[in-house]
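The values are calculated or read from the model by the stated rules, or taken from the named source; none is laboratory data. If you're wondering where the values come from, they're calculated on a predicted model, not measured in any experiment. Cβ atoms come from the backbone with ideal geometry, glycine included; neighbour counts cover every protein chain shown. Quick note on the areas: whole protein, heavy atoms, side chains included, nothing else; ligands and nucleic acids left out. Shrake-Rupley method; radii C 1.70, N 1.55, O 1.52, S 1.80 Å.
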Amino acid sequence: MQIADDMAVLIHYKVANNTGEVLDTSEGDEPLAYIHGSGDIVPGLERALLGKSAGDHVQVTVSPADGYGEHESAKVQTVPRDAFEEKELQPGMRFQAESDDGDVLVTITQVGPDEVTIDANHPLAGQTLHFDVQVVAVRQCTDEELAHGH
(Lines give C-alpha, C1' and ligand atoms only; values in the text may rest on other atoms or scores of the structure.)
Protein backbone atom coordinates (compact mmCIF):
# COMPACT_ATOMS: atom_id res chain seq x y z
CA MET A 1 0.00 0.00 0.00
CA GLN A 2 1.35 3.43 -0.93
CA ILE A 3 1.28 6.62 1.12
CA ALA A 4 -1.49 8.99 0.01
CA ASP A 5 -3.81 11.47 1.69
CA ASP A 6 -5.88 10.07 4.56
CA MET A 7 -3.51 7.16 5.09
CA ALA A 8 -2.20 6.29 8.57
CA VAL A 9 1.58 6.13 8.38
CA LEU A 10 4.24 4.96 10.84
CA ILE A 11 7.81 6.17 10.31
CA HIS A 12 11.11 6.02 12.10
CA TYR A 13 13.06 9.19 11.49
CA LYS A 14 16.19 11.14 12.23
CA VAL A 15 16.47 14.85 11.48
CA ALA A 16 19.75 16.76 11.45
CA ASN A 17 20.86 20.30 10.68
CA ASN A 18 23.49 21.39 8.12
CA THR A 19 26.36 20.57 10.49
CA GLY A 20 25.08 17.01 10.98
CA GLU A 21 23.86 17.60 14.54
CA VAL A 22 20.91 15.29 15.18
CA LEU A 23 18.01 17.49 16.29
CA ASP A 24 15.41 14.79 16.83
CA THR A 25 15.04 11.06 16.29
CA SER A 26 12.59 8.26 16.97
CA GLU A 27 15.50 5.83 17.43
CA GLY A 28 14.97 3.76 20.56
CA ASP A 29 11.34 4.83 20.71
CA GLU A 30 8.06 4.01 19.02
CA PRO A 31 7.71 5.10 15.39
CA LEU A 32 5.97 8.40 14.70
CA ALA A 33 2.35 7.95 13.65
CA TYR A 34 0.67 10.57 11.46
CA ILE A 35 -2.17 10.98 8.97
CA HIS A 36 -0.78 11.86 5.57
CA GLY A 37 -2.18 15.07 4.11
CA SER A 38 -3.36 16.49 7.42
CA GLY A 39 -0.36 18.78 8.00
CA ASP A 40 1.03 16.71 10.90
CA ILE A 41 4.56 16.80 9.48
CA VAL A 42 6.46 19.50 7.59
CA PRO A 43 5.34 19.94 3.96
CA GLY A 44 8.72 19.05 2.41
CA LEU A 45 8.86 15.72 4.21
CA GLU A 46 5.20 14.99 3.49
CA ARG A 47 5.77 15.51 -0.27
CA ALA A 48 8.86 13.27 -0.21
CA LEU A 49 6.88 10.44 1.43
CA LEU A 50 3.96 10.57 -1.02
CA GLY A 51 3.77 7.26 -2.92
CA LYS A 52 6.21 5.44 -0.66
CA SER A 53 5.43 2.06 0.91
CA ALA A 54 6.31 0.15 4.07
CA GLY A 55 10.00 -0.74 3.98
CA ASP A 56 11.00 2.26 1.86
CA HIS A 57 13.94 4.38 3.03
CA VAL A 58 13.82 8.11 2.22
CA GLN A 59 16.48 10.76 2.62
CA VAL A 60 15.38 14.33 1.92
CA THR A 61 16.70 17.82 2.52
CA VAL A 62 13.96 20.27 3.45
CA SER A 63 14.44 24.03 3.04
CA PRO A 64 13.11 26.39 5.73
CA ALA A 65 10.22 27.37 3.43
CA ASP A 66 9.12 23.70 3.27
CA GLY A 67 9.97 23.04 6.92
CA TYR A 68 9.22 25.29 9.86
CA GLY A 69 9.39 28.51 7.87
CA GLU A 70 11.91 31.29 7.65
CA HIS A 71 13.00 32.98 10.87
CA GLU A 72 10.92 36.16 11.17
CA SER A 73 12.52 38.97 13.16
CA ALA A 74 9.04 40.45 13.77
CA LYS A 75 8.34 37.44 16.00
CA VAL A 76 11.17 38.43 18.37
CA GLN A 77 10.17 40.92 21.06
CA THR A 78 11.49 42.42 24.25
CA VAL A 79 8.93 42.52 27.06
CA PRO A 80 9.04 43.70 30.67
CA ARG A 81 10.29 41.03 33.05
CA ASP A 82 7.25 41.57 35.29
CA ALA A 83 5.05 40.23 32.46
CA PHE A 84 6.05 36.76 33.74
CA GLU A 85 4.75 35.21 36.93
CA GLU A 86 7.70 32.81 36.94
CA LYS A 87 10.60 34.39 38.85
CA GLU A 88 13.44 32.05 37.83
CA LEU A 89 13.54 32.85 34.10
CA GLN A 90 16.25 31.33 31.92
CA PRO A 91 16.98 31.22 28.18
CA GLY A 92 15.35 28.19 26.57
CA MET A 93 12.24 28.24 28.76
CA ARG A 94 8.98 28.08 26.78
CA PHE A 95 5.65 29.69 27.60
CA GLN A 96 2.20 30.08 26.07
CA ALA A 97 1.51 33.72 25.20
CA GLU A 98 -1.47 35.54 23.75
CA SER A 99 -1.08 37.24 20.39
CA ASP A 100 -3.31 38.79 17.75
CA ASP A 101 -3.35 35.34 16.09
CA GLY A 102 -4.37 33.51 19.29
CA ASP A 103 -2.17 31.58 21.69
CA VAL A 104 1.42 31.08 20.59
CA LEU A 105 4.37 29.22 22.10
CA VAL A 106 7.33 31.52 22.79
CA THR A 107 10.90 30.74 23.78
CA ILE A 108 12.92 32.98 26.08
CA THR A 109 16.21 33.86 24.37
CA GLN A 110 17.63 36.46 26.77
CA VAL A 111 16.91 37.47 30.36
CA GLY A 112 17.92 40.88 31.68
CA PRO A 113 17.24 42.57 34.99
CA ASP A 114 14.22 44.46 33.62
CA GLU A 115 13.48 42.91 30.22
CA VAL A 116 13.10 39.49 28.65
CA THR A 117 13.56 38.72 24.96
CA ILE A 118 11.09 36.19 23.59
CA ASP A 119 10.93 34.48 20.21
CA ALA A 120 7.65 33.18 18.76
CA ASN A 121 9.38 31.47 15.81
CA HIS A 122 9.45 27.68 15.84
CA PRO A 123 12.85 26.63 17.29
CA LEU A 124 13.76 25.10 13.91
CA ALA A 125 12.59 28.08 11.82
CA GLY A 126 15.21 29.22 9.33
CA GLN A 127 17.06 25.91 9.36
CA THR A 128 17.60 23.52 6.47
CA LEU A 129 16.67 20.07 7.76
CA HIS A 130 18.04 16.70 6.64
CA PHE A 131 15.60 13.83 7.20
CA ASP A 132 16.47 10.14 7.14
CA VAL A 133 13.19 8.20 7.24
CA GLN A 134 12.21 4.53 7.25
CA VAL A 135 8.55 3.86 6.40
CA VAL A 136 7.34 1.23 8.88
CA ALA A 137 3.66 0.83 7.97
CA VAL A 138 0.94 2.34 5.77
CA ARG A 139 -2.79 1.69 6.04
CA GLN A 140 -6.11 3.35 5.35
CA CYS A 141 -7.33 5.54 8.23
CA THR A 142 -10.49 4.60 10.03
CA ASP A 143 -13.43 7.02 9.98
CA GLU A 144 -12.80 7.69 13.68
CA GLU A 145 -9.15 8.58 13.06
CA LEU A 146 -10.13 10.98 10.30
CA ALA A 147 -12.82 12.57 12.46
CA HIS A 148 -10.35 13.16 15.30
CA GLY A 149 -7.38 14.02 13.09
CA HIS A 150 -5.19 11.32 14.66
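Counting Lys and Arg as +1 and Asp and Glu as -1, what is the net charge of the other residues whose Cβ lies under 11 Å from the Cβ of K75?
Once positives and negatives cancel, what remains is -4.
To the nearest 0.05, how large is the calculated FRET efficiency for M1 and V22 if R₀ is 35 Å and r is the Cβ-Cβ distance?
Details: r = 30 Å, r/R0 = 0.85.
Between M1 and V22 the formula returns 0.75.
Cross-link candidates for K14: which lysines have Cα within less than 30 Å, leaving aside residues fewer than 8 places away along the same chain?
K52, K75
Could you provide, to the nearest whole Å², the per residue accessible area of the stretch 43-150 with probe 1.4 Å?
On the way: 6880 Å² over 108 residues.
With all protein chains present, the stretch 43-150 gives 64 Å² per residue.
Identify all aspartates and glutamates with a Cα-Cα distance to K87 below 15 Å; exclude those on the same chain that are fewer than 8 residues away in sequence.
Straight-distance partners of K87: D114, E115.
Distance from the Cα centre of the stretch 87-137 to that of the stretch 34-64, in angstrom?
23
Considering only protein heavy atoms and a probe of 1.4 Å, how much of the accessible area of the stretch 30-125 is carbon and sulfur, as a whole percent?
Looking at the stretch 30-125 in its full context, I get 46 percent from C and S.
With each pseudo-label sitting 7 Å past Cα toward Cβ, what's the A97-R139 distance in nm, one decimal?
Label-label distance for A97 and R139, simple model: 4.3 nm.
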